[in-house]
Amino acid sequence: MERLEKAIMEGELGPGERLSESELARRFGISRGPLREAIGQLEGRKLVTRVSNHGARVVALSKQDLLDLLEVRESLEGMACRLAATKMTDADLDYLAAMLSAHENSDAMRQGRGYFQAPGDGDFHQAILRACGNARLTGMLGDELYSLLRLYRHHLSMRPGRAAEALKEHKNIVDALRARDPDAAEAAMRAHLRSSRSAVEHWMKDEEFSE
């Protein structure tokens, strides 16, 4: 499942694209059984949808769906960052700082190709979410919302100038967290996500986004 998920998250298989079992089985060098199981798991996470008589496809969000998700994300993740400000240890904060240093020195960032983060332990937002200490909030953000947004985050990170802006905004968040200031931490996260939403709105004006 990891290779199929990676292909979807990194845009190799774009939103709305049909998932041909025969082609994907050849591509990944596996039989159709495990591939069908992987598609089923991603369907359960809302990353894949099945259309009658058309098979499985990568999910495609409408413009309004995406904007709605971003509004929800700002509120929920702002709260997660507020909670994390009082719960993150010095080791947690050092981990975040080291993560951002690795992001800054990545080939993609240096070459201006975008800001790409690995899922799980290598994702800045996931690290803060894990530290917030609220299981319900973690489930609401992590189980479905993050997965759906990652479909589009890859493309947005490649917009000229956005990668450097996002990295700076991440550093501002770490500064607020290190100051143990819940108000500042929430404000920094919300400011970052509003910038992301603005980038989405500009992207929607381009021909590359379609319903």
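Strictly over 25 Å apart at the Cα level, which of LYS87/LYS171; LYS171/LYS205; LYS46/LYS168 would you flag in this model? LYS171/LYS205; LYS46/LYS168, as the Cα separations exceed 25 Å there. Taking the 0 to 90 degree range and rounding to the nearest ten, how far is the long axis of helix 162-178 tilted relative to the main principal axis of the chain, both from C-alpha atoms? Helix 162-178 sits at roughly 50 degrees to that axis. Amide H contacts under 5 Å for ARG45: none, restricted to partners 5 or more places along the chain or on a different chain, H placed in the peptide plane at 1.01 Å from N.
Only helices enter the 222 nm calculation for the chain: every DSSP H run of n ≥ 4 contributes -39,500 (n - 2.57), and dividing by all residues gives -20000 deg cm²/dmol, rounded to 500. Under 5 Å from the amide H of ALA60 lie the amide H atoms of GLY16, each residue being 5 or more positions distant or on a separate chain, with H modelled from the backbone and absent for Pro and chain starts. Mind checking which of ARG150, ARG190, ARG27 has the largest fluctuation in a GNM of the chain, springs on alpha carbons under 10 Å? For the chain, modelled as a Gaussian network with Cα springs under 10 Å, the answer is ARG27. Peptides 84-90, 135-141 ranked from most to least packed give 84-90, 135-141, packing being the mean of other C-beta atoms within 10 angstrom over each peptide's residues. The label-point distance for GLU201 and ALA179, in a model that sets each label 7 Å from Cα toward Cβ, rounds to 2.6 nm. With protein chains left intact and a 1.4 Å probe, residues in the chain average 51 Å² of accessible area per residue. Across the accessible surface of the chain, with the other protein chains kept in place and a 1.4 Å probe, carbon and sulfur atoms take up 49 percent. Over all orientations, the chain has a Cα convex hull whose mean projected area works out to 12.2 square nanometres.
Sparsely packed loop sites in the range 61-104 (the GluC sites (Glu not before Pro) outside DSSP H, G, I, E and B with at most 15 other Cβ atoms within 10 Å) do not occur. Can you give the net charge of the other residues whose Cβ lies under 11 Å from the Cβ of TYR95, counting K and R as +1 and D and E as -1? For residues surrounding TYR95, the net value is -3. Where the alpha-carbon atoms of the range 1-68 are placed on the principal axes, they occupy 38, 27, 18 Å, in descending order.
The values are calculated or read from the model by the stated rules, or taken from the named source; none is laboratory data. It should be emphasised that the depicted structure is a prediction, and the values quoted were computed from it without experimental measurement. Cβ coordinates were reconstructed from backbone atoms using ideal geometry, including for glycine residues, and neighbour counts include every protein chain displayed. What goes into the accessible areas is simple: the full protein's heavy atoms, side chains included, and nothing from ligands, DNA or RNA. Shrake-Rupley method; radii C 1.70, N 1.55, O 1.52, S 1.80 Å.
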